[in-house]
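Before any comments, here is the structure.
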Amino acid sequence: MDSRIFMRNPDTPDSIDLGPGKSAGFFIVFCELFLQLVEFFKNIPEIAKYWAETSRQINKHIAGTLPLGMFIGCFVGIGSSLQGKNQASIWVAHQIIVNIIFKYGILELYPFILGLVLAGKIGSSVAAEIGSMKITEQIEALKTMSIPPVGYLGWPRVAASMIMIPLTTIFSDICALISMSFVSLRVFKWVSYDDLIAGVKFNFRPCFLIIHMILKPALYGFVICFIGYFFGTKARQGAKGVGQASIQSAVVSAMIIIALNYLIGELSY
Amino acid sequence: MIILENISKRFGNTVVLDRVHAEIPLRKTTFVLGPSGHGKTVFLKTSIGLLKPDEGRIHFEGREILKFSEKELYRFWTDIGFVFQEAALIDSLTVAENLSLFLTYQARLGQTEIRSRVRDLLAYVGLEQMEEKFPEELSGGMKKRVAVARALAKDPPYLFIDEPTSGIDEENARILKDLIARLSRQGNKTTIIATHDRQMMQELADYVIFIKNRKIPFAGPASRIEEGRLKDLYRKESNER
């Protein structure tokens, strides 16, 4: 018998196999996610300790996420205006159309699209970053320096996302509103200024803005980075494993965002 | 004394350590030898609780570390310096930032003191001009020297070094050997080194643990293991292959 012990990577022995068609089922993943969540909440006091790392992550967002959010906002706003123009007719009050596309856009569509895009961008990048740290023993190295990875790597990313995604959503919504108004008034000219203002003001409740422009994106931020961190720490088998973690993170966080979008809507109206 | 009592560790169906027993003397240099892939790294990581064994107990000077809570384990790791086989430097941080991680977040020293400590540590490993470099800009040997400096940043009573000289050029291997020899001579640290380097073992080892086929066929003072016996242990392995 071959006396050599052919090990799997000894640095990732406790990870579960999340690959498609493998033995670990949804239930195990769910339990692991829950345990990770508990660990995150146990480490809340670490946020203050590693604030410098959070600032570094916020800077990354400013450079990478804000411009993307503004770009998305501008074009989704123009798209909404185009849709308004197509729906506008003598049979429907233009104020109502403005009210619908304004509310649907600001409260639902723009934060939702941004959440999905950022699930791909931020979530997969967090998973890849943490995953490559995992397979190169950097996470274990942090532990030997008595630095908890959740405190140093997890929370700063999550906290930065929870701050920056709402901020990006607000910027994105402002851009969308400006582009929608400009294109509606000056390019397509399907609505008058007075109708536009009346439509925006109609049945306007500031609490909705707080829920959908701040709280909901903050929750998306938590989900995106937490899921990215979770799948990153489960990465194994080199570059392939990191790629897989990155894909899993984007898909799972997008699914959670879709479900959350409905749930928050249901609860808030 | 560090005592590993009937430690077993498996990954899936693969048993790596099977009820092994080892006693590591304090303030001595212990070498962990054995063929590749027979669990030296796992032995080292399990010894400090970085990997959890499936069964057994680990006593560090009377403290049973497997009973530690997570918080106690992190506190215990402040006494441990660990040099990983591939150095495991945080690749998004510069050399100076890598060295100052523990000093900033655990020792909570001021910036001036941290800078001075970092300079001293880099001078100790002979890499004075490398403070602002990123790990990707360093050779494998340099990375290992930085990793040694990082492990020494907290002046730990226990130092674990995994394959210090493997896969690096002769010059860096010589520098690392000299470093380890200096640490050994100081005699105030319990140093555990996993290596293939028999020459280094013969020069520096006080105590030897040989791991093979999930077991420890030899553990004892270095003076008791003769070259013939060592060759025999390795030869058996190649015959079995």
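The values are calculated or read from the model by the stated rules, or taken from the named source; none is laboratory data. The structure displayed is predicted, hence computed values, not measured ones. Glycine also receives a Cβ, built like all others from the backbone with ideal geometry; neighbour counts cover every protein chain displayed. When the accessible area is computed, the model is the full protein with side chains, heavy atoms only, and any ligands, DNA or RNA have been set aside. Shrake-Rupley method; radii C 1.70, N 1.55, O 1.52, S 1.80 Å.
From other protein chains only, count the Cβ atoms within 10 Å of every residue's Cβ in B:77-87, then give the mean.
Values: counts 6, 3, 1, 4, 2, 6, 2, 7, 2, 5, 4.
Partner Cβ neighbours, averaged per residue: 4.
Evaluate the charge dipole of the protein assembly as shown about its Cα centre and quote only its size in Debye, nearest 20, assuming +1 on the Cβ of each Lys and Arg and -1 on the Cβ of each Asp and Glu.
Working: 59 positive and 51 negative charges, 73 e Å.
That gives the protein assembly as shown a dipole magnitude of about 360 debye.
Using a 1.4 Å probe on the protein heavy atoms only, what accessible surface does B:Lys67 show? Give it in Å² to the nearest 10.
150
What residues have an amide H closer than 5 Å to that of B:Val83, excluding those fewer than 5 places away on the same chain, when H is modeled at 1.01 Å from N in the peptide plane?
B:Phe160, B:Ile161, B:Asp162
Need the C-alpha centroid separation for region B:86-107 versus region B:3-18, integer Å.
31
Once every DSSP H run of n ≥ 4 in chain A is given -39500 (n - 2.57) and the sum is divided by its residues, what mean residue ellipticity at 222 nm do you get, rounded to the nearest 500 deg cm²/dmol? Please report the intermediate quantities before stating the final value.
Values: 12 runs with 187 residues, N = 269.
For chain A, the value works out to -23000 deg cm²/dmol.
Counting other C-beta atoms within 10 Å, and keeping those with at most 12, which DSSP coil chymotrypsin sites (Phe, Trp or Tyr not before Pro) do you find in region A:183-246? Walk me through the numbers on the way to the answer.
Details: sites: A:Phe188, A:Trp190, A:Tyr193, A:Phe202, A:Phe204, A:Phe208, A:Tyr220, A:Phe222, A:Phe226, A:Tyr229, A:Phe230, A:Phe231; in loops: A:Phe188, A:Trp190, A:Phe202, A:Phe204.
Answer in residue order: A:Phe204.
How large is the charge dipole for chain B, taken about the Cα centre, if only the Cβ atoms of Lys, Arg (+1) and Asp, Glu (-1) carry charge, to the nearest 20 debye?
Numbers: 38 positive and 35 negative charges, 142 e Å.
Dipole of chain B, to the nearest 20 debye: 680 debye.
For the peptides B:45-58, B:13-26, B:122-135, what is the packing order when you average, over each peptide's residues, the other Cβ atoms within 10 Å and list the highest mean first? Kindly include the intermediate steps, with their values, before the conclusion.
On the way: B:45-58: 19.4, B:13-26: 17.1, B:122-135: 15.4.
Those peptides, ordered most packed to least, come out B:45-58, B:13-26, B:122-135.
Sort A:His61, B:His59 from largest to smallest accessible area, using a 1.4 Å probe on the heavy atoms of the protein chains.
Details: A:His61 15, B:His59 40 Å².
Largest accessible area first, the residues go B:His59, A:His61.
Out of all DSSP beta bridges in the protein assembly as shown, what portion is antiparallel? Express it as a percent rounded to 5. Mind showing how you got there, number by number?
On the way: 19 of 36 bridges.
Expressed as a percentage, antiparallel bridges in the protein assembly as shown total about 55.
Where the only charges are on Cβ atoms (+1 Lys, Arg; -1 Asp, Glu), what is the dipole of chain A about its Cα centre, to the nearest 20 debye? Don't skip to the end; give the middle numbers.
Working: 21 positive and 16 negative charges, 75 e Å.
The dipole of chain A has a size of about 360 debye.
Kindly state, to the nearest 0.05, the FRET efficiency for B:Glu113 paired with A:Glu39, given R0 = 41 Å and r defined as their beta-carbon distance. Intermediate results must be reported in sequence, preceding the final value.
Values: r = 32 Å, r/R0 = 0.78.
For R0 = 41 Å, the calculated efficiency reads 0.80.
Which whole number gives the average count of other chain Cβ atoms within 10 Å of the Cβ atoms across peptide B:178-188? It would help to have the intermediate numbers written out before the result.
On the way: counts 0, 0, 0, 0, 0, 0, 0, 0, 0, 0, 0.
What the average comes to for B:178-188 is 0.
Based on alpha-carbon centroids, what's the gap between region A:62-93 and region B:108-126 in Å, whole number please?
Spelled out, the Cα-based centre of one part sits 54 Å from the other.
So what is the 222 nm mean residue ellipticity for chain B from helices alone, if each DSSP H run of at least 4 adds -39500 (n - 2.57) and you divide by all residues, rounding to the nearest 500 deg cm²/dmol? All intermediate terms of the calculation are to be shown ahead of the outcome.
Numbers: 8 runs with 92 residues, N = 241.
It lands at -11500 deg cm²/dmol.
Give the average, rounded to an integer, of partner chain Cβ atoms located within 10 angstrom of each Cβ in A:128-139. The partial results should precede the final answer.
Details: counts 0, 2, 0, 0, 1, 4, 0, 0, 8, 11, 11, 2.
Average neighbour count from other chains, rounded to a whole number: 3.
For chain A, with a Gaussian network of springs between Cα atoms less than 10 Å apart, report the residue from A:Gly105, A:Gly241, A:Gly79 with the top mean-square fluctuation.
A:Gly79
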